[in-house]
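J.: Just dropping this structure here.
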Amino acid sequence: ALGVRNPANAPDDWERRQMELFNLMADEGQDPETFEAAEIVQEGDAKVFRWLRPMVMGEACMACHGEKIDSRIKLLLAQEYPLDEAAGYSEGQLGGANSVRKVLSGGGKPPPGDAPLVEPAAPLAPAQ
């Protein structure tokens, strides 16, 4: 999401560019359920696979991320996330994304055989 609840889940530059593009596509009337980005990028001396798929805000999301949040929930959110920017959404808007980042090679070498296949990535969803 471009507006995050937890700053630790803020998108990196690549994720931000993809989300901005997805938002433009949604504004043009394209179906966000079909959005997906995959790319191999160069990061320093490493080739890295990047994948991102946005999450669309649904009815269940509105209790914590909608325009009309119960005052008790607002109070709890303010205590846990004083810098919260993840409210005011409507159903159907893009509210975050699932993102994968996998190092394919570094310094011209593949990752070691015991390296994890996918590095864990925090979802870009408005975290709770």
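The values are calculated or read from the model by the stated rules, or taken from the named source; none is laboratory data. Because the structure is predicted, anything quoted here is derived from the model rather than measured. Positions of Cβ are backbone-derived with ideal geometry, glycine not excepted, and every protein chain shown enters the neighbour counts. These accessible areas exclude ligands, DNA and RNA; they are computed on the full protein's heavy atoms, side chains included. Shrake-Rupley method; radii C 1.70, N 1.55, O 1.52, S 1.80 Å.
J.: Among GLU28, GLU36, GLU67, which one shows the highest mean-square fluctuation when the chain is modelled as a Gaussian network with alpha-carbon springs under 10 Å?
T.: In the Gaussian network model the winner is GLU28.
J.: Taking the Cβ of PRO7 as the center, what net charge do the other residues with Cβ under 11 Å away carry, scoring Lys and Arg +1 and Asp and Glu -1? Don't skip to the end; give the middle numbers.
T.: Working: positive: ARG5; negative: ASP84, GLU85.
Result for the local shell: -1.
J.: Further, regarding this structure: With an 8 Å Cα cut-off and a minimum separation of 6 or more residues, compute the relative contact order for the range 1-78 in percent.
T.: Working: 56 pairs, mean separation 13.8, N = 78.
Computed over the range 1-78, the figure is 18 percent.
J.: Could you tell me the calculated FRET efficiency between VAL100 and ASP31, based on Cβ-Cβ distance and R0 = 22 angstrom, to the nearest 0.05? List each step's numbers first, then the result.
T.: Numbers: r = 22 Å, r/R0 = 0.99.
The calculated FRET efficiency here is 0.50.
J.: To continue, here is another question. If you take every residue apart from GLU91 with its C-beta less than 15 Å away from the C-beta of GLU91, what net charge results, scoring Lys and Arg +1 and Asp and Glu -1? List each step's numbers first, then the result.
T.: Values: positive: LYS68; negative: ASP31, GLU33, GLU59, GLU67.
Computed value for this residue: -3.
J.: A further question on this structure: Under 15 Å Cα-Cα from LYS74, which aspartates and glutamates qualify once same-chain neighbours fewer than 8 residues away are excluded?
T.: The qualifying aspartates and glutamates are ASP84, GLU85.
J.: Run the simple label-point estimate for LEU24 and ALA10 please: 7 Å along Cα→C-beta, distance reported in nm.
T.: Calculated label separation equals 2.3 nm.
J.: Also, quick follow-up: How compact is the chain by the rule of thumb for globular proteins, expressed as Cα Rg over 2.2 N^0.38 Å? Working shown, then result.
T.: Numbers: Rg = 16.7 Å, N = 128, 2.2 N^0.38 = 13.9 Å.
Output field value: 1.20.
J.: With only Lys, Arg, Asp and Glu charged, each at its Cβ (+1 for the first two, -1 for the last two), find how big the charge dipole of the chain is about the Cα centre; round to the nearest 20 debye. Before the final figure, lay out each step's value.
T.: Working: 12 positive and 21 negative charges, 75 e Å.
It works out to roughly 360 debye.
J.: Using a cut-off of 25 Å between alpha-carbon atoms, which lysines can reach LYS47, once sequence neighbours fewer than 8 places away in the same chain are excluded?
T.: LYS102, LYS109
J.: Next question, about the same structure. Expressed in nm to one decimal, what extension gain is obtained for the pair LEU76 and ILE40 from 0.36 nm per residue of sequence separation less their Cα-Cα distance? Walk me through the numbers before you get to the answer.
T.: On the way: separation 36, 0.36 × 36 = 12.96 nm, distance 4.00 nm.
Gain in length upon complete extension: 9.0 nm.
J.: In addition: Could you check how much of the accessible area of the chain is carbon and sulfur, as a whole percent, using a 1.4 Å probe?
T.: Details: 4230 of 7820 Å².
Exposed carbon and sulfur together represent 54 percent of the surface.
J.: Specify, per residue and in Å³, the volume enclosed by the convex hull of the alpha carbon atoms belonging to the range 31-106.
T.: Numbers: hull volume 8.6 nm³, N = 76.
Measuring per residue, one finds 113 Å³ for the Cα hull of the range 31-106.
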